[in-house]
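Below are the structure tokens for one structure; questions will follow.
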Amino acid sequence: MLIPPPLSLYVHLPWCVRKCPYCDFNSHQGKGELPFGEYVDALLRDLDFDLPLVWGRTVQTVFFGGGTPSLFPPQHIDRFLQEASARLRFAPGCEITLETNPGTAEHGRFEEYRKAGVNRISFGIQSFDDGSLQRLGRIHDSHEAEAAVKLAQDAGFDNFNLDLMYALPQQTLAMAENDLQRAFALQPAHISHYQLTLEPNTVYFARPPKGIPDDDAAWDMQEHCQALLADAGYAQYEVSAYARPGRQCAHNLNYWRFGDYLGIGAGAHGKITLGSEQTILRRWKIKHPTAYLAAAGTPQAIGGDDRIDAARRPFEFMLNALRLREGFTLAGFEATTDLPESAIAAPLQQAFANGWLERDGDRIVPTELGRRFTNDAVELFL
Ligand SMILES: C[S@@+](CC[C@H](N)C(=O)[O-])C[C@H]1O[C@@H](n2cnc3c(N)ncnc32)[C@H](O)[C@@H]1O
Ligand code: SF4
């Protein structure tokens, strides 16, 4: 029996002030007046369309991602949350995160987001070095980043994340360390520390910037930064995610634990366990905001539906679980995939033999070596 795991709601808000040259997210430079109200109407039609997939279930977390969700004035976020909570039960204490670009922070807005129900902010800081920020095409400088965080703190947000990237063009180890020191000074609950990757279909991919640190230099940065984060009280719980005790991102944890999520908004992806059909459905929405605005709430807004058959489930499960320090339990594997543990016995033995996974009580966790070879370990389960 497939037992539906916890349910999250992902909401994609697709516009940005300017497209960053390294970014391959479904984000579009907004031109002129943006249709915020119409977009919220479209989100609600989209939600209504997907509701039969999750009848009776409770939403544990909500995440407004982008794009730049903080471009949306608070009254639109408020209306969406009110209407959504009239359609779906939100768990008490439901984590509600809003991604924020520091260049869009305005006095008074964070108070309004809080009143609307947002209780976690994720800032796209990237770096505190002004030269790096310029090279990354960011719309903010380091002082604006610090000022934005302080505005949120003054509005009562103590649960906030800072996104930083490392292995940036012309970045030295000292610069990467300095970015972390400036971050620590703001006392975030959580830090996401991503290695810059050159993604196809970006300006950086077509014309790589000068001075990107090579693999050895990037590895050095990661090791040094990991140690600094640990010393400052941020425990790594996923490849790029570090948190103070009890401050892990519940929304992302649910993805990595192979939980379910509804994905609404342009280009949003969802994954839902359908008890009635005993299958797992992946559904994504069409990407372009204009086309999405017109089609939301109809079958034309579905970019694709894909049922994950039993043969693919071990790989899909491991793709998430092996990113986590906590690994997984065989009981969790069986409950979320409806497969017996014998389905993964051979690749599991291989991963143990390679020294990539080990047992820790009833958990199976990546070893230090395994964390260097996450992709190879996942491929064993293909
Ligand atoms: C959707 S963006 C977050 C919020 C907002 N749009 C912003 O940039 O301020 C999510 C995060 O992904 C990270 N990211 C984006 N592109 C990346 C890339 N090519 N390599 C590594 N990290 C990347 C950045 O740290 C970014 O803040
Ligand atoms: S602001 Fe964020 S989502 Fe928008 S283009 Fe830049 S990195 Fe991508």
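The values are calculated or read from the model by the stated rules, or taken from the named source; none is laboratory data. Computed from a predicted model, the values in this text were never measured in an experiment. Ideal geometry is used to build each Cβ from the backbone, glycine not excepted, and the neighbour counts take in all protein chains shown.
If you check ALA335 against the conditions, is it in a helix (DSSP H, G or I), modelled with pLDDT of 95 or more and of a type in the set (A, V, I, L, M)?
Working: in a helix (DSSP H, G or I): yes; modelled with pLDDT of 95 or more: no; of a type in the set (A, V, I, L, M): yes.
Considered against the rule, which asks whether it is in a helix (DSSP H, G or I), modelled with pLDDT of 95 or more and of a type in the set (A, V, I, L, M), ALA335 comes out as no.
Would you please name the residue that is farthest from ligand 1 (Cβ to nearest atom), looking only at residues in segment 1-58 that are of a type in the set (A, V, I, L, M), farther than 30 Å from GLN134 by Cα and part of a loop (DSSP other than H, G, I, E, B)? Write out each step before concluding.
Within segment 1-58, the first condition is being of a type in the set (A, V, I, L, M), and the residues that meet it are 1-3, 7, 9, 11, 13, 17, 34, 40, 42-44, 47, 51, 53-54.
Now drop any that are not farther than 30 Å from GLN134 by Cα, which leaves 1-3, 7, 9, 40, 42-44, 47, 51, 53-54.
This time we only want the ones that are part of a loop (DSSP other than H, G, I, E, B), so: 1-3.
Values: MET1: 36, LEU2: 31, ILE3: 31 Å.
For segment 1-58, the residue satisfying everything is MET1.
Sort through GLN236, GLN170 and tell me the only one that's outside any helix (DSSP H, G or I) and at positive phi.
Numbers: GLN236 fails: at positive phi.
The unique qualifying residue is GLN170.
While we're here: Name, by its number, the condition in (1) within 30 Å of TYR204 (Cα to Cα); (2) surrounded by fewer than 17 Cβ atoms within 10 Å (Cβ to Cβ); (3) in contact with an Asp or Glu (Cβ under 9 Å, 6 or more places away or on another chain) that does not hold for GLY65.
With (1) within 30 Å of TYR204 (Cα to Cα); (2) surrounded by fewer than 17 Cβ atoms within 10 Å (Cβ to Cβ); (3) in contact with an Asp or Glu (Cβ under 9 Å, 6 or more places away or on another chain) applied to GLY65, the lone miss is (2).
Can you find a residue that is of a type outside the set (Gly, Ala, Ser), at pLDDT 95 or above, more than 25 Å from PRO52 (Cα to Cα) and in a helix (DSSP H, G or I) anywhere in segment 299-310?
We begin by selecting, within segment 299-310, every residue of a type outside the set (Gly, Ala, Ser); these are 299-300, 302, 305-309.
Within this subset, residues satisfying the condition of being at pLDDT 95 or above are 299-300, 302, 305-308.
Within this subset, residues satisfying the condition of being more than 25 Å from PRO52 (Cα to Cα) are none.
Within segment 299-310 (the criterion being of a type outside the set (Gly, Ala, Ser), at pLDDT 95 or above, more than 25 Å from PRO52 (Cα to Cα) and in a helix (DSSP H, G or I)), the answer is no, since none of the residues qualifies.
Can you tell me which residue among PHE90, PHE80 is buried (at least 19 other Cβ atoms within 10 Å of the Cβ) and of a type outside the set (Asp, Glu)? First the steps, then the outcome.
Numbers: PHE90 fails: buried (at least 19 other Cβ atoms within 10 Å of the Cβ).
Result: PHE80 is the single residue among PHE90, PHE80 that is buried (at least 19 other Cβ atoms within 10 Å of the Cβ) and of a type outside the set (Asp, Glu).
Answer yes or no: is there a residue in segment 59-78 that is within 14 Å of ligand 1 (Cβ to nearest atom), in a helix (DSSP H, G or I) and among the aliphatic types (A, V, I, L, M). Let's see the steps before the verdict.
If we filter segment 59-78 for residues that are within 14 Å of ligand 1 (Cβ to nearest atom), which is where we start, we get 63-72.
Those left that are additionally in a helix (DSSP H, G or I): 69-71.
Now drop any that are not among the aliphatic types (A, V, I, L, M), which leaves 71.
Scanning segment 59-78 turns up at least one residue that is within 14 Å of ligand 1 (Cβ to nearest atom), in a helix (DSSP H, G or I) and among the aliphatic types (A, V, I, L, M).
Which condition number does MET165 fail, the rest of (1) under 24 Å from the mean Cα position of the chain (by Cα); (2) outside any strand (DSSP E or B) being met?
The one condition MET165 does not meet is (2).
Among the residues of segment 317-363, count how many are under 20 Å from ASN375 (Cα atoms) and acidic (Asp, Glu).
Within segment 317-363, residues that are under 20 Å from ASN375 (Cα atoms) and acidic (Asp, Glu) number 2.
Yes/no matrix, rows are residues, columns are (1) farther than 27 Å from VAL365 by Cα; (2) touching a Cys at 6+ places or on another chain (Cβ under 8 Å); (3) within 16 Å of ligand 2 (Cβ to nearest atom); (4) aliphatic (A, V, I, L, M):
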position: ASP163; (1), (2), (3), (4): no, no, yes, no
position: TYR166; (1), (2), (3), (4): no, yes, yes, no
position: GLN170; (1), (2), (3), (4): yes, no, no, no
position: THR197; (1), (2), (3), (4): no, no, yes, no
position: PRO208; (1), (2), (3), (4): yes, no, no, no
position: ASP220; (1), (2), (3), (4): no, no, no, no
position: ASP231; (1), (2), (3), (4): no, no, no, no
position: VAL239; (1), (2), (3), (4): no, no, no, yes
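Follow-up. Could you tell me which numbered condition LEU274 fails, if it satisfies all but one of (1) surrounded by fewer than 17 Cβ atoms within 10 Å (Cβ to Cβ); (2) touching a His at 6+ places or on another chain (Cβ under 8 Å); (3) of a type in the set (A, V, I, L, M, F, W, C)?
(2)
Here's something else I'd like to know. I'm trying to understand the selection: among the residues of segment 188-232, which are within 22 Å of PHE128 (Cβ to Cβ) and either of a type in the set (D, E, K, R) or exposed (fewer than 14 other Cβ atoms within 10 Å of the Cβ) (or both)?
Listed by number, the residues that qualify are THR197, LYS210, GLY211, ASP220, GLU223, ALA227, ALA230, ASP231.
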